[in-house]
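Let me begin by presenting the structure, written as structure tokens, before commenting on it.
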Amino acid sequence: MIMETQEDNLGIDVYRAKKSDFINIAEIYSEGFSEPSDEGKIDIDSALKKIKLFSEYCEIWKIVYMDNFAGFIIINPSYGVPGKYCFIESMGIKKEFRGKSIGNEVLKEMMSLYAERGFIKIMGIANKDSRAFRLLEHLGIREDREEKVLSRELGG
């Protein structure tokens, strides 16, 4: 466990995820990508494959709220300059636990943890109309002056 905020009455704990946690993470991942605002849906089997792939090069953390498996965060510590830049690959909180500042507290703790480990920058990508975007901005994670995400539609 890296984080205990029960003294603050938030009841949030964060642990390194084990393989046995992957199915719960895949369910939350699938739920998050099945909401109307998302471009594509992902089923649990596809989500589980993605989680297993992430586990090969990322650090996967499970979030527990009041003794309930409430969410996850996946951090890539090898983005750009390994050991210096870390990247938030994905984060998800179960619907019933949203609005309780869990994501906010976990991201603050992750930023502190990775700073202590010598990382100098944390990065992430979020849709500009999403709750995740507002959360990242609230925590001071803003558009980078040097790094920009570039994209292009394929086909047609």
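Read the figures in this text as sums done on the coordinates, not as results from a lab. For clarity, every value in this text was computed on a predicted model and none was experimentally measured. Glycine gets a Cβ as well: all are built from the backbone with ideal geometry, and neighbour counts include every protein chain shown.
How big is the charge dipole of the chain about its Cα centre, in debye rounded to the nearest 20, if each Lys and Arg gets +1 on its Cβ and each Asp and Glu gets -1 on its Cβ?
With only Lys, Arg, Asp and Glu charged at Cβ, the dipole is about 300 debye.
Each residue of the stretch 139-154 in turn: what ³J(HN,Hα) in whole Hz from Karplus with 6.51, -1.76, 1.60 and θ = phi - 60°, glycine and Pro shown as x?
Each residue of the stretch 139-154 in turn: 8, x, 8, 10, 4, 7, 6, 9, 8, 10, 8, 10, 8, 8, 5, 9 Hz.
Which FRET efficiency value, to the nearest 0.05, is calculated for GLU147 and GLU96 with the Förster distance at 25 angstrom and r the Cβ-Cβ distance? Numbers along the way, then the final one.
Values: r = 35 Å, r/R0 = 1.39.
Result of the calculation: an efficiency of 0.10.
Taking the dipole about the Cα centre of the stretch 3-138, with the C-beta of Lys and Arg at +1 and of Asp and Glu at -1, give me whichever of PHE97, MET111, GLY80 is farthest to the positive side.
It is GLY80, whose Cα lies furthest towards the positive end.
Rg to Rh for the chain: what is it, with Cα atoms only and Rh by Kirkwood? List each step's numbers first, then the result.
Details: Rg = 15.5 Å, Rh = 16.3 Å.
Checking Rg against Rh, the ratio lands at 0.95.
Among the DSSP beta bridges whose two residues both lie in the chain, what percent are antiparallel, rounded to the nearest 5?
Bridges in the chain are about 85 percent antiparallel.
Run the dipole for the stretch 80-156 about the Cα centre, Lys and Arg Cβ at +1, Asp and Glu Cβ at -1, nothing else charged, and hand back the magnitude in debye, nearest 20. All intermediate terms of the calculation are to be shown ahead of the outcome.
Working: 15 positive and 12 negative charges, 35 e Å.
Here the size comes out at about 160 debye.
In nm, to one decimal, how far is the SER130 label point from the ALA115 one, both placed 7 Å along Cα→Cβ?
2.4 nm
Assuming R0 = 35 Å, can you tell me the calculated FRET efficiency for the pair HIS138 and LYS52, based on Cβ-Cβ distance, to the nearest 0.05?
Values: r = 31 Å, r/R0 = 0.90.
So, using R0 = 35 Å, E works out to roughly 0.65.
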